[in-house]
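Okay, so here's the structure we're looking at.
Coordinate-derived values only; no laboratory data. Since we're looking at a predicted model, the values are computed, not measured. Please note: Cβ atoms are built from the backbone with ideal geometry, for glycine as well, and neighbour counts cover all protein chains shown.
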Amino acid sequence: MRCLQFLVLVGVVCALASASTLQHLTLKEMALQSTDVVRGHVQRGKTAWHGSQIFTHYSVFVSDRWKGNGGQVMDLALAGGVLDGRRQTWAGTPDLVEGREYVLFLWHSPSGLNLIIGLSQGLFAVDAANSDALQASTSEPMVDGSGAVMTADPMRMSLGEMHNYVKQAIAEGR
Amino acid sequence: MMRLFGRIAVGATVLLALSANAPAYYYYVHFDQNGNALPAKWDLTTLSNDTVYFYVADSGLNTAKMAPGDGYEALVSELRAAANVWNGVGSTQIRIGYGGLFHDSGTDSNAGINVDFSDTIPPGLLAYSGVDTPATLNPGATFVPITASHLVLPAVPYGLAGSGGPPLASWSELFFTTLVHEFGHNLGLQHSTTSAAMSTYYTSGATKAAPLSADDIAGVSLLYPAAGNFIAKNGSITGKVTFTDGTPINLAGVAAISMNGDAVGAMTLPDGTYRIDGIPPGYYFVYAQALAPPQDGELTNQNIIYPLAADGVTSFGPTCDAGMCYFQTTFYPNATDWTFAAGLEVPEGTLTPGINIQVSPRAAMPVNSIRTFGYPNGFPIASPPLVITGAPQTLLLDGNGIVNESGQVSPGLSIEPLGWLLYITPGTTEVYQQSFVTVEIQAYAESVVHVVQNGARHILVHSSDNTYVLPAAVRGVSGSPPSVTAVQALGDGTVMVTGTNFTDGTRIVFDGIPAMIVNAVSDSQLIVQPPVADTSFAAHVEALNPDGQSSLYVSQDADVVTYTFPDSGPPSITVSPGALTAGGSTTVDVIGTNTNFVQGQTYVGFGTSNAAITNVNVLGPGHLQATVTTAGGTSVPATAINVTTGLSVISQALGDSVTGN
């Protein structure tokens, strides 16, 4: 959140973060810029070349759709993986846990890949023990219904609250 | 000072071994079956002239969406300038060469660094780098070879998605330091903890005029040591970081920090041991600090790719103690207050062992990832603040934990310079806006001379129960930033650059490419020979001073002065023969019209690493011959040639006339 607020002062100073060079997105921006926002379990699939990049594909079995018109099973591509005897490593790419449930803010690229928006910013794990709790992709403390913290950039939002927020953001953005 | 250095450790020192087997800096580490830590690196024995070439995709970039006045050629020239930063490190053997443009056919991957413009970058991700390594380790290997690397930039330039701000200009400070950073990744460097070029954005103190710190230099020099023995000319420290119960800590950040210069760091291995090499001789404090928690969009602490076990799957993150995965920042020997730390004399060519630090575990690290911003001309810039004289300067900090949820300065927060050269004006710590805090910082009158002698100065951010060390938070300088106010052609091919605060070491760059200083008329006028450019090309002109300041401190990106090159007609080239000999060597003759080939400044490429240029002989401004060796079974048309001189890039893919005979 801090970068966005600082933009008022510094223009694009905060637009960059290095390594994987990230631009912070607010939840509203993610909701508006995503092509699909879904909740579902993931299952690891094949790895494949896309140009000179290796992508690891996952199937997302959608249990709830907040945005988009895709089907019950969506393909999700994450940069990196092992293929043809080659390991390709990209800093900052998330590693999804097979069978785990996530809320995913996805972006359909012009070349046809479904990618997580903001590399991992649009990835939230659903707590298996409490379906109304989300975990930031950053493997930091849980965000639960009572508003427990999400780390460095507290979001303080439960799954239900997030759903409502996304719906409202999309409605306002129309 | 007497109090401190009266306690300088006089522990046993031993002559250094001449090799650096331990991963002192932090690289992409793989553990083999025997527990040896192997860094991923380019195999110099397979590179021609120790050079890894980078190739820039000739398509994919949406130039219409770039900043006003920006363009493909300008971006390529900034890429070349950023790569060249690493070539300025004399103590490393590896070099980054410009291999020219390549045509991204969708499947090819050059055996080098591939710079792509991709639509696979979703909103919120502005650039990223990756390295290719073999999927399995070779038995007995001492490193993991990087076989290719990637630097991916968005097809639609920075700034459009999400922020609502304008696209980031290719000549800007941030774009340049980001490119330097990404090239570091391409060489095999990971993030450092010392606010260096290889630190994450959240703490980096790099500037366009002085992008590399001693830590960056140590990192690349230890991975690819050059003849001349970098280690023997610097010092080393080894030790171990453990929790107070003796549990060794993996991935603790450890740094040697000098009051008068850069910090040099390392991270601990799973057994808690560390080794810092490449420390310039001098006096240092050594401290252990937990890696910062993941920031927006990051997945791991400090956005590090954790070391990988021999199974290729398991990775080793930071050690936790009863669920507590952070620890109290602690100076050697076990002091949480730096004034009780022991100063170490680090002589050249010696190893100081036994610098062990015990730390108390913590459940969290509320204050972390602090970045400072300068405010030199009434607007914030991404570079560290400058301290010139005893006059107070504004120090603007952004980071976690410094402002509470009520918008107040977090209780117990205080900011303190490391050492006795600077001080914070009492009562000046206040919230600037949201998560930002400002303070006034200034030099003690008697220490001004020491402040301006060197660059990096450091601060400590104290919270109620911990301290966060931020290296390179402030930069000591001897004068104001340079400016460029006018650029005028003098009619003989040279250009008069007018501005302020030019010094002996001032460099004038045109879209990143240095101009030759012909005559330093005064500290406000320089006559320069600009680089070669195509007809009517408008280049952005900047002054870079050796103290790390640039004219971008004075002019915001959109206001940078441009110079438009004379109208000379569109360039074109004719090449013969029309195809390269597969599996053999070909001498290609190039006749140019409206070209200005220059020996040593003209680069030739054929769009693929399968065609290696072994020699370029410039016979005149419109005539050159290039010797090309092509891999067997490879068919390369000669019209795939691209010729780059200065700011001029001639390529069929860019719409230039390139014909074959």
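A compact table of results
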| item | result |
| --- | --- |
| Shielding of A:53-64 by partner chains, average beta-carbon count, 10 Å | 1 |
| Projected label distance in nm at B:Ala64 and B:Gln556, using a 7 Å step from Cα toward the beta-carbon | 2.7 |
| Listed peptides B:405-414, A:105-114, B:27-36, B:236-245 by packing density, highest first (mean Cβ within 10 Å) | B:236-245, A:105-114, B:27-36, B:405-414 |
| FRET efficiency estimate (nearest 0.05) - Cβ-Cβ, A:Gln72 to B:Tyr283, R0 51 angstrom | 0.20 |
| Number of partner chain Cβ atoms within 10 Å, mean per residue of B:360-367 | 1 |
| Efficiency of FRET between A:Lys28 and A:Asp95 - r from beta-carbon atoms, R0 45 angstrom, step 0.05 | 0.95 |
| 23 Å tail of the calculated P(r), segment B:41-133, as % of Cα pairs | 30 |
| Selection from B:Pro333, B:Ile441, B:Leu397, by position along the positive dipole direction of chain B (Cβ) | B:Pro333 |
| Global form of segment B:483-564, assessed from the alpha-carbon gyration tensor, a/c cut-off 1.5 | oblate |
| Shielding score for A:117-125, defined as the mean number of other chain Cβ atoms within 10 Å | 5 |
| Cα centroid of segment B:57-119 to Cα centroid of segment B:476-542, whole Å | 24 |
| Reference-scaled alpha-carbon Rg (2.2 N^0.38 Å with N residues) for chain B | 0.98 |
| Over segment B:572-660, relative contact order from alpha-carbon pairs under 8 Å, at least 6 apart, % | 38 |
| Sequence-separation-based contact order of chain B, relative, with Cα cut under 8 Å and 6+ spacing, percent | 12 |
| For chain B, calculated [θ]222 nm from helices alone, where every DSSP H run of n ≥ 4 adds -39500 (n - 2.57) | -2500 deg cm²/dmol |
| Spatial separation of Cα centroids for segment B:321-355 and segment B:562-626, in angstrom | 55 |
| Normalised alpha carbon radius of gyration of segment B:411-515 [divisor 2.2 N^0.38 Å] | 1.52 |
| Kyte-Doolittle mean at least -1.0 and Cα axial length at least 20 Å: DSSP H helices in chain B | B:72-87, B:173-187 |
| Computed lengthening from B:Val518 to B:Asn661, 0.36 nm per intervening residue step minus Cα-Cα distance | 47.5 nm |
| Among B:304-316, B:605-617, B:267-279, the order from most to least packed when residues are scored by Cβ within 10 Å on average | B:267-279, B:605-617, B:304-316 |
| Gyration tensor (alpha-carbon) shape descriptor, segment B:559-661, a/c threshold 1.5 | prolate |
